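Only one structure is covered here, and it is reproduced in the block below.
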2 protein chains.
Amino acid sequence: MADPQSSTGLDDLDLRLLAVLVRQPGRSNKALAEDLGVAESTCAYRVRALRSRGVIAGVRVVLDAAALGLPLQGVIRVRLGRHTSDGVGGLFDALVRTPGVIEVFHVAGADDFLVHVAVEDAAALRDIVLQHITVHEMVSTTETHLVFERREGIGPLARVTGAAR
Amino acid sequence: MADPQSSTGLDDLDLRLLAVLVRQPGRSNKALAEDLGVAESTCAYRVRALRSRGVIAGVRVVLDAAALGLPLQGVIRVRLGRHTSDGVGGLFDALVRTPGVIEVFHVAGADDFLVHVAVEDAAALRDIVLQHITVHEMVSTTETHLVFERREGIGPLARVTGAAR
DNA sequence: GTTGAAAACAAGCACAC
DNA sequence: GTGTGCTTGTTTTCAAC
């Protein structure tokens with residue numbers, strides 16, 4: 001358990017490859033290979049392998065909600081009354097399908113869901129709560145928090161590589 | 001204010017382009033142009049314009065934390081005692097630099113920060129709280145919530161286009 | 001703002017090590 | 001598992017509309 005590749009089956013090249021890829025997603029395979037000091041074919045092979053193993057889950061295009069006319073973001077804490085398996089799953093589905101919803105966490109504890117949304121103004125935030133969340137019978141209470149700012153963290157990979165930054 | 005492009009300066013082609021791009025980030029410019037029924041050069045031009053305007057904030061490579069050996073995710077609610085501008089900014093910086101931290105929300109309300117983390121096990125979760133969060137003098141209390149599941153929402157664009165799905 | 005065509009570039013593949 | 005060369009396809013650029 002003290003081997004350099006932890007038990008995830010990722011060797012040093014994989015980790016370096018992921019580190020570059022996370023920081024520079026647009027990087028071409030050719031440039032990536034040069035950075036790592038391996039042949040392009042090797043690099044392409046590794047990337048494909050990491051994709052098929054699911055280590056690379058995918059690629060996302062990130063839009064600026066404010067530039068889309070949605071300058072307000074909120075996190076809505078949702079607490080349920082009754083907890084049936086079907087009901088929770090159905091509510092989860094409904095939440096992620098609500099326009100403006102960026103992500104939803106199903107969590108343990110007093111609250112059941114944390115819903116991150118982007119909207120045009122305070123009225124829209126209220127409407128999301130009233131029309132898309134509290135309409136569900138199983139929802140007991142909600143608490144809406146304005147998001148001052150959201151920042152991305154250094155991420156999971158830094159924990160594996162031990163990268164300071 | 002009732003014009004089709006809302007006041008964001010995005011026309012129908014922009015919105016259709018973004019819709020395709022968000023759903024299929026890997027799509028080539030050529031394929032994208034075909035989907036939209038415009039020339040490749042036009043398509044490339046629009047994408048570049050949306051990037052430089054900041055509507056397209058960027059592209060992210062998403063890693064599977066579990067595949068990296070971090071099967072446990074948590075949301076840590078952080079409440080502060082004293083609130084100085086410098087202190088809050090410094091803590092924010094420290095949080096996003098902590099290995100395993102995926103994203104951090106600075107929010108209004110009783111809590112000040114919501115910290116989304118991925119870790120190897122419960123002990124690592126405790127260590128993050130003790131070694132990276134409560135070590136800061138300004139932190140008053142924390143509450144750690146296990147994440148059962150996290151799902152991405154349909155997103156901001158659906159609010160602008162009115163896409164049902 | 002949009003286009004088609006040429007030139008530059010990168011990706012994918014089969015094969016050799 | 002890694003490197004090489006060829007073929008294919010894609011991105012970029014630009015003068016013109």
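Numerical summary
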item: Qualifying residues in region B:19-35 (those that are within 14 Å of DNA strand C (Cβ to nearest atom) and surrounded by 18 or more Cβ atoms within 10 Å (Cβ to Cβ)) - the one nearest to A:Arg48 (Cα to Cα); result: B:Leu32
item: Residue within region A:29-47 that is among the charged types (D, E, K, R), free of Cβ contacts under 8 Å to residues at least 12 places away in the same chain and within 24 Å of B:Val22 (Cβ to Cβ) present; result: no
item: Top-ranked residue in region B:45-68 [being more than 16 Å from DNA strand C (Cβ to nearest atom) and either closer than 26 Å to A:Val107 by Cβ or basic (Lys, Arg) (or both); ranked as farthest from the other protein chains (Cβ to nearest Cβ)]; result: B:Ala66
item: Search result, residues across region A:69-114 that are touching a residue at least 12 places away in the same chain (Cβ under 8 Å), within 8 Å of chain B (Cβ to nearest Cβ) and touching a helix residue (DSSP H, G or I) at 6+ places or on another chain (Cβ under 9 Å); result: A:Gly69, A:Leu70, A:Leu95, A:Thr98, A:Gly100, A:Val101, A:Glu103, A:Val104, A:His106
item: Residues of region B:6-22 satisfying the condition of being more than 16 Å from DNA strand D (Cβ to nearest atom) and either within 10 Å of another protein chain (Cβ to nearest Cβ) or over 17 Å from B:Ile154 (Cβ atoms) (or both); result: B:Ser6, B:Ser7, B:Thr8, B:Gly9, B:Leu10, B:Asp11, B:Asp12, B:Leu13, B:Asp14, B:Leu15, B:Leu18, B:Val22
item: In region B:118-133, the residues that are crowded, with 21+ Cβ neighbours inside 10 Å and in contact with a Lys or Arg (Cβ under 9 Å, 6 or more places away or on another chain); result: B:Ala118, B:Val119
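Where a number appears in this text, it was derived from the coordinates with a stated rule and is not lab data. Since the model is a prediction, treat every value here as computed from it, not as a measurement. Quick reminder, even Gly has a Cβ in these numbers, built from the backbone with ideal geometry, and neighbours come from all protein chains shown.
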